[in-house]
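Each remark here refers to the structure printed beneath this line.
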Amino acid sequence: MNLFALFVDHVRAALSELAREGVVPAGVDTARVVVEPPRDASHGDLSTNAAMVLAKEAGLKPRELAEKLSAKLAALPGVAKVDVAGPGFINLTLDGSYWPQVLAAVLVQGRDYGRSQAGGGQPINVEYVSANPTGPMHVGHCRGAVFGDALANLLAFAGWKVTREYYINDAGAQVDVLARSAFLRYREALGETITIPEGLYPGDYLVPVGKALVTKYGRTLLDKPEEEWLPAVRAIAIDAMMAMIRTDLAALNIHHETFFSERTLHARPHGAPSIIDRLLETLRARDLVYEGRLAPPKGQPVEDWEDREQTLFRATQFGDDVDRPLMKSDGAYTYFAADIAYHKDKFDRGFKRMIDIWGADHGGYVKRMQAAVKAASDGEASLDVELCQLVRLLRNGEPVKMSKRAGDFVTLRDVVDEVGRDAVRFMMINRKNDAVLDFDLAKVIEQSRDNPVFYVQYAHARACSILRNAAQAFADLPTAPADFAGAALSRLDDEGEVGLARLIANYPRLIEQAAPAREPHRLAFYLYDLASALHGQWNRGKDLPHLRFIIEDDRELTYARLALVHAVALIIASGLSILGVDAPEEMR
RNA sequence: GCACCCGUAGCUCAGCUGGAUAGAGCGCUGCCCUCCGAAGGCAGAGGUCGCACGUUCGAAUCGUGCCGGGUGCGCCA
């Protein structure tokens, strides 16, 4: 039940009634009407801008229309009071029957409370991480991974049919470098002393790959020329790297449904055209590909700029700044060409909505990719790109030194092992993705209010603790939340309790707004507010014993308050699970 | 030169796609607790929302132009 959506409907109904009475014209556009919680709780429970938005069309002054509307709204069951305020706000105060309904809904629906049908079950593809398979994941990959995963969870909760996808860049020059690096480790495993030249990957994570190659091939690769051993070594190395990356992702509790190999786009089995070949034919048939020249890039002068005629995609027809090359000077496809084919493939698999999560350094690539998706799908599909800004890794406010020596970076695994998965996940989402993020390794394991991970988890643990204590005090207490739905919830009339109920009522609305905005960070902030309200109510009970959750000589009131505690715990657990963070029952 | 992102309290950031007196944490100041619910609590000070025009009943939010910071700008991935 979304209270706010419900009242938008009430406003619409009131308007059509006024239209029948001839007070306002029929069929006014109500698209801009919103019902929201007022900023100041003293204004009531709900507030709508309807009168101000519609005044002009209705031919009335905002306050006049507000008076007429409020007369209708006041007649609704459950509405205790209606005020017209300021320039024409209509503020509604609900009577005592409403919050109990909301709480009962939470307790009955449990973890499904807040789940939305907004997505209508439509398929949506979220592509994230897509780190090159040339080594373990480093801390820079972390944010996009966590953001993408949380966003996927959020969209699923909001009613989308989500597929989580990883694009394996296993076709470029970098995987040949990987193969050569692995081959050195192979020779090392056979007893040679090796030195790793500049330009190859020096990390010792390739040592096991070298040993695996010995196990499989013995010494047989040693005498062969590179073109013979490279494909086999490359395949084994990529598999090993992907296995490592999947393990790293699993440490963050991230699991993709689809891993898509770039190589499959280039493959020409038995000389048949590749997927990219066929894509280019399609684009050519629509006159979206041509041979032409590009002006040299501005800014940093390009040393070896060669003015040549090349195969170009008409990206400018779809809003990009310049047309984009599809073929390199050596005749191979550009990365972009493969990427168009890849997104076309997503479209062919049934996705009209796609989301890509990229690092901010790829921002210059957004327009051309969106242009490509429009072109390749003939305007039927759309691509959203969410850019994740840099993470600055700190320890006690000091930047963590990252050695410039190649291969010696801070791995994602190091960070997860040091501070734990929950801290990493929560903190990476506790900021808008397009703003730079400071991640302090010392601060995120602090047990205090300024560590939001701890503060929110502690609220859940505290709620569980209250319920455990209550079970001591009342032996026959039920345990399932739904069993509390019948409690005397109307006795929850303290302002702190009503405040919690208001926050709880706002949860479905938050989900429905955060999902289309692609902003899981709103959920993190909401959970912090909810946790704060619970801790606040607990603390009030210290000075005012009659506000404590457990009142030993008032069984009915205790039941009602425990119902509230159950509801808060359910929502914290629900929200945290969307963020991919555990909701512990006790803090240790 | 161009494109995209950011600019809100001393610091780190929210601000619910245009609403009412712009919020939170930290820091600062003051009070409370050192036996029973303090891994603290309560209260206070602190803001020309980068600047300037514009759009309208109404702008931190939308538009345009500046200023400052970041990212990127054939064939790399």
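The values are calculated or read from the model by the stated rules, or taken from the named source; none is laboratory data. Note that the structure is a prediction, hence the values are computed from the model and not measured. Please note: Cβ atoms are built from the backbone with ideal geometry, for glycine as well, and neighbour counts cover all protein chains shown. Surface areas here come from the heavy atoms of the whole protein model, side chains and all, with no ligands, DNA or RNA. Shrake-Rupley method; radii C 1.70, N 1.55, O 1.52, S 1.80 Å.
In this structure, residue A:212 does not satisfy being touching a residue at least 24 places away in the same chain (Cβ under 8 Å), open to solvent by 30 Å² or more (accessible area, probe 1.4 Å) and in contact with a His (Cβ under 8 Å, 6 or more places away or on another chain). You will find that of A:457, A:472, the residue that is at pLDDT below 90 and assigned to a helix (DSSP H, G or I) is A:472 and no other. Residues considered: A:287, A:277. Of these, the only one that is of a type in the set (Asp, Glu) and either under 31 Å from the mean Cα position of the chain (by Cα) or open to solvent by less than 50 Å² (accessible area, probe 1.4 Å) (or both) is A:277. All conditions but one from (1) open to solvent by less than 30 Å² (accessible area, probe 1.4 Å); (2) within 13 Å of RNA strand B (Cβ to nearest atom) apply to residue A:141; the one that does not is (1).
Screening residue A:496 with (1) more than 27 Å from residue A:152 (Cα to Cα); (2) outside any loop (DSSP other than H, G, I, E, B); (3) within 12 Å of RNA strand B (Cβ to nearest atom); (4) under 26 Å from the mean Cα position of the chain (by Cα) gives one miss only, at (4).
Every residue, every condition in (1) under 23 Å from residue A:255 (Cα atoms); (2) open to solvent by less than 10 Å² (accessible area, probe 1.4 Å), yes or no:
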site: A:507; (1), (2): no, yes
site: A:512; (1), (2): no, no
site: A:554; (1), (2): no, no
site: A:563; (1), (2): no, yes
site: A:566; (1), (2): no, no
site: A:574; (1), (2): yes, yes
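Given the criteria without any contact (Cβ under 8 Å) to a residue 12 or more places away in the chain and of a type in the set (Ser, Thr, Tyr), does residue A:334 qualify? So residue A:334 fits the description; yes. Kindly indicate whether residue A:379 is away from RNA strand B (no atom under 14 Å from the Cβ) and of a type in the set (Gly, Ala, Ser). The answer is yes for residue A:379. Would you mind stating whether residue A:522 is touching a strand residue (DSSP E or B) at 6+ places or on another chain (Cβ under 6 Å), surrounded by fewer than 23 Cβ atoms within 10 Å (Cβ to Cβ), touching a residue at least 12 places away in the same chain (Cβ under 8 Å) and closer than 29 Å to residue A:427 by Cβ? So residue A:522 fails the test.
Of the helices (runs of 4 or more DSSP H) lying entirely inside segment A:315-434, those carrying at least 3 residues that are open to solvent by 50 Å² or more (accessible area, probe 1.4 Å) and farther than 30 Å from residue A:445 by Cα are A:366-376.
Of all residues in segment A:135-183, those satisfying the criterion of being within 20 Å of residue A:243 (Cα to Cα) and part of a strand (DSSP E or B) are A:138, A:164, A:165, A:166, A:167, A:168. Residue pairs whose Cβ atoms lie under 7 Å apart, sitting 6 or more positions apart in sequence or on different chains, and linking a residue in segment A:506-517 that is of a type outside the set (A, V, I, L, M, F, W, C) to a partner that is within 7 Å of RNA strand B (Cβ to nearest atom), are A:506/A:37.
Given (1) modelled with pLDDT under 95; (2) over 30 Å from residue A:54 (Cβ atoms); (3) of a type in the set (D, E, K, R), where does residue A:127 come up short, assuming only one miss? Going through (1) modelled with pLDDT under 95; (2) over 30 Å from residue A:54 (Cβ atoms); (3) of a type in the set (D, E, K, R) one by one, residue A:127 breaks only (1). So, of the residues in segment A:435-481 that are open to solvent by 50 Å² or more (accessible area, probe 1.4 Å), under 26 Å from the mean Cα position of the chain (by Cα) and of a type in the set (A, V, I, L, M), which turns out to be farthest from residue A:390 (Cα to Cα)? Among them, the one singled out is A:445. When restricted to residues that are open to solvent by less than 60 Å² (accessible area, probe 1.4 Å), touching a residue at least 24 places away in the same chain (Cβ under 8 Å) and assigned to a helix (DSSP H, G or I), segment A:536-552 contains 3.
The residue that is nearest to the chain's Cα centre (by Cα), counting only those in segment A:85-115 that are surrounded by 19 or more Cβ atoms within 10 Å (Cβ to Cβ) and not in a helix (DSSP H, G or I), is A:114. For the condition within 11 Å of RNA strand B (Cβ to nearest atom) and closer than 16 Å to residue A:156 by Cα, what is the one hit in A:540, A:548, A:518? After ruling out the rest, the residue left standing is A:518. Taken over segment A:296-311, the residue count meeting the criterion of being open to solvent by 90 Å² or more (accessible area, probe 1.4 Å) and either more than 8 Å from RNA strand B (Cβ to nearest atom) or not in a loop (DSSP other than H, G, I, E, B) (or both) is 2. Only one of the listed residues (A:314, A:324, A:293, A:284) is more than 9 Å from RNA strand B (Cβ to nearest atom) and either in contact with a Phe, Trp or Tyr (Cβ under 8 Å, 6 or more places away or on another chain) or of a type in the set (Val, Ile, Thr) (or both). That residue is A:314.
Of the candidates A:197, A:202, the single residue that is in contact with a helix residue (DSSP H, G or I) (Cβ under 8 Å, 6 or more places away or on another chain) and either at pLDDT below 95 or assigned to a loop (DSSP other than H, G, I, E, B) (or both) is A:202.
Might you check whether a residue that is of a type outside the set (D, E, K, R), within 16 Å of RNA strand B (Cβ to nearest atom), modelled with pLDDT of 90 or more and within 22 Å of residue A:574 (Cβ to Cβ) occurs anywhere in segment A:103-116? Checked segment A:103-116: at least one residue is of a type outside the set (D, E, K, R), within 16 Å of RNA strand B (Cβ to nearest atom), modelled with pLDDT of 90 or more and within 22 Å of residue A:574 (Cβ to Cβ).
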